[in-house]
Structure formats: C-alpha cells, structure tokens
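Scroll down for the structure; my scribbles are underneath it.
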Amino acid sequence: LSGPSGTWTTVLDPMDQGGPYTLMAEQDLENMTLRDIYFGDVWLCSGQSNMAMTVLQVANASQELAAAAHYPYVRVFAAAPARSDMELEDLEQVNLPWSIPTAAENLGHGNFTYFSAVCWLLGRSLYEALGSPVGLVEAAWGGTPIEAWSSRRALRMCGLSEDTGRVTLELFFGLVLALTMKGYAPLELCTPLSPALSSSTSPHWHLSGPQTPSVLWNAMIHPLLNMTLRGVVWYQGEANTLLHRDQYNCTFPALIADWRQAFHTGSAGQTEPLLPFGFVQLSTYRRQSPDDSFARLRWHQTADLGVVPNARMPGTFMAVAMDLGDEHSPYGSIHPRDKQNVAHRLLLGARAVAYGDKHLVFQGPYPTRAILEVTRGLLNVTYSQELICRQRDTQAFEVRGRKSSPECWGREGHIDQGFSPLQVCCSSQAAPCQWLPAPVVAVGSQRVTLALGGCRTLVLGLRYAWAEWPCEYLSCPLYNPQGLPAPPFL
C-alpha cells in the first residue's frame, strides 16, 4: 500500500508469454476484473518529432496502415504531451490507451500525434521475429532538447544546473522554416543568416517544444517507471544541435544511465539494470550547409567514440540514418519519410543487444587502424568488416572540404581522380589544422586507400561523412554486405 491515495502494488509470478489472460483482484466484497491481457515485451519509444511522426506520414503510408490489421498481438499506448515542474506519479492525460492497432483510429490519427511510425514499425518487426506479444509505449514531443527529458540527477552528472535552458530563445536574424499549415508540426529549426553556431544557446535559433530542464521527465517518463520494460528506443538530438551541443557526449550517456536505474527501481527490479537502449543517429537537414552541428551531434551521440556499444554506453545500439535524407518531404527535410529503414536497422540492434542474437550483424563497418605510407603519400584505413563501395555516379562521392592549397597538396589533379568521403587534417608546425579532401584511390575487402596528394605536413586527424547532408539516399560511400552504412567518425 502506498500513500493516502490507497494505491497498492504487487509483483506477479512469471507468466508464459501470450494470452489472453484475465486478472482479478478481490478484497472483502469488492473486486475488479481486467480482461484481454497479454504477456510479452514492452518497449518505450521517446524523443522529439521524428519519433512523433505517425504511420500516416511515412513512405507507403497507405500500405503500412492497411497491414495493421494483421498484428492484433502488438498493442499500442501513447502518452499525451505534458510538462511539469515536479515529478508526477501518473500521466496527466493519455492520447491513446492500450489498444489493438487499427489504421485510422490509432496508427494514422494525424500528423505528429500518434502512433509513432518508428515505434510501430520496430514493434511489428519484433513481433514477427519473436512470435510473442509486444507492447509499445510512445512518449514523444517535437522540438525538445535532451535536458527536458533528463532528471535533475542526470543533469547534475554533467555539471548542468537546474536553470539550464530557462533562457528565452529569441529569433534575431533568422528565416523561420516552419510549417504553419493545419496539422503540420513546426519544423523546430530556423536557418541563421550566419552559418556560425555556438555550442550553447544561440540567439539566432528557435526551438518549438518545451526547453525547461526535467519538465518532460517529470510529466511523461516518471509516471511510467512502474512499467517493466524490455528496451527503450530514442530518436532525439536535432534540438541539441542548437542547445548545449557539445555537452551531449555527457548528457546522453547520463540520461541512459539514469533511466536505467529509475526503471529498475520503479519496477521492483523487474526491468533489468542494463536496460537495452537503442537510438537513431541524426539524419539530414540542409544540403551543402557549411555548418557542422549535425555532424558533431552525431559524433556526440556515441559519446565521441563513433560506434556503440562502447565502454561509456554499454548495452546500446544505433541506427545510422545519414543516408536516408528526404529533401522533398512535405513535413520539411528534417523529417525524412523513410522510417522503414530506420526501424529495420533498430530491429537488428534490438535482436543482437536485447535478445542476444550473437551471429547477427547489426552495425556497419568502422575503422580499426590507419597506416601512413609517407613516401607514397597514401593512408591505408582498415575497417572492421567487408566493405561495399556504392559509387552510382560521379555525383555520389563529391569532394568535401576546402580547395587544396599548392603549399600542402601538390598536384590538384589527384582530387578529381576519386571520390572524397574522407578528409585529412593537415598542418605545419606553425599553421592551424585545416580539413582538406583525401580522395579514395582504392577500396579493398576491408581497406580504403586515400591519396594525400603529396602533403608534406603533419597528418593530425581523419574524418568521414562529416557534413549535415553527407550523401544521397542510400548512397553513402561505404556499406557492409548487409547494407548497413559505415557510421561517420572523427
């Protein structure tokens, strides 16, 4: 029994997955009966507008909605957007109570409402893979930074005060990119006249959702802590390209650790301590943008290690989405409609990390070492997996970075003889580092050879796909045979 409200909690004995079951509770002459109960795995899906995009908004929406009737054992639940300055014990409002999926009523209710396409497509695929019931919980709100979803404990772990983000974000010299048509969510972002961005709050940008620290944790996550979760899926980060971007390498791992502890405690130990946590690495926004905030945020999403799981982010998995850009999305290019590939990549990670499928390849190739051949001006980069090079046309692998300078790069012709998805940081003792293209001259089974163009200065660093829009749809330079893209790195 808990508190003056008279609420009580009990932990049931383990039950076989499946159903339907009937649950009865009795006390003296009072009784309550719950019917049509199924036992299975529950996944929480949270984040901002790309998580809130509904099945109605995705590519092939009509087909996806029509198929919903075939999945009565996937149940869906959606919390209503809400904020609170205090931790709540129960949701203030529910948009969608536990329901059987139907096309119009709950999967395609509207734009950026319910039900989440990423969450649904993942849950549907999990059901197909597992053959047992799956429960999906959506708690998402567009335009919201990670600070709003973090508890005060988590923010303190990163040295952020409770007043972080309480400033008023004013638009000075920006061109507002918003969808004001009825039913469309705001795009969340504004394009500044200057490409320069601060790593903290910038007066040139506008965010649409609540920014105040912990208000979404208090109202939308804390009330769910008594649920027993099998995993979490997170699609968020666009808002933090504008707010405390360079703290994301701390705030994201801190949120994961804090949610794990809270759900484990709140469920009386039923949620495992190392709760599997999947996330979507940011997709694209603007073509040919000189700003690298999206690239930096992608890197920070991995705690600056490039690949997950890693020492700072154990028990995690990631869906790379930088090759799923959608310039013509009616919801703005920041909202790509291809959520099927996102869900498929999350599924692979969930099966490997949450369900222990050790033989499943769930991440793309990443570099393990680099060897410099000074006399030949080459850099050989070895990857963890077999490489597939997708060069569909001359535009697919464009040169990135600044024009090469005669002092450092010798023959300019080398740049046009290959694509340049990788960039090398060259520097002399006196000059600062500058990023210049490093053309790929050969791709082996697991090795990429880069031409340094006769650069006689120090090679200080190497980066890959470091751009807001690094490649065309499904046409990044490097993939593995399973079709998973190599993640960006610095």
Picking from 319, 295, 352, the residue that is among the small types (Gly, Ala, Ser) and more than 21 Å from residue 121 (Cα to Cα) would be 295
ask   = Does segment 327-334 include one or more residues that are of a type outside the set (S, T, N, Q) and closer than 18 Å to residue 478 by Cβ?
value = no
Picking from 281, 236, 288, 261, the residue that is at positive phi and in the same structural domain as residue 344 (by TED's automatic domain parsing) would be 288
Among (1) farther than 30 Å from residue 147 by Cβ; (2) touching an Asp or Glu at 6+ places or on another chain (Cβ under 7 Å), residue 58 falls short only on (1)
The residue that is modelled with the highest pLDDT, considering only those in segment 444-466 that are over 25 Å from residue 298 (Cα atoms) and assigned to a strand (DSSP E or B), is 451
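The values are calculated or read from the model by the stated rules, or taken from the named source; none is laboratory data. Just so it is clear, the model here is predicted, and its values are computed rather than measured. Using ideal geometry, Cβ is built from the backbone for each residue, glycine included, and neighbour counts are taken over all protein chains shown.
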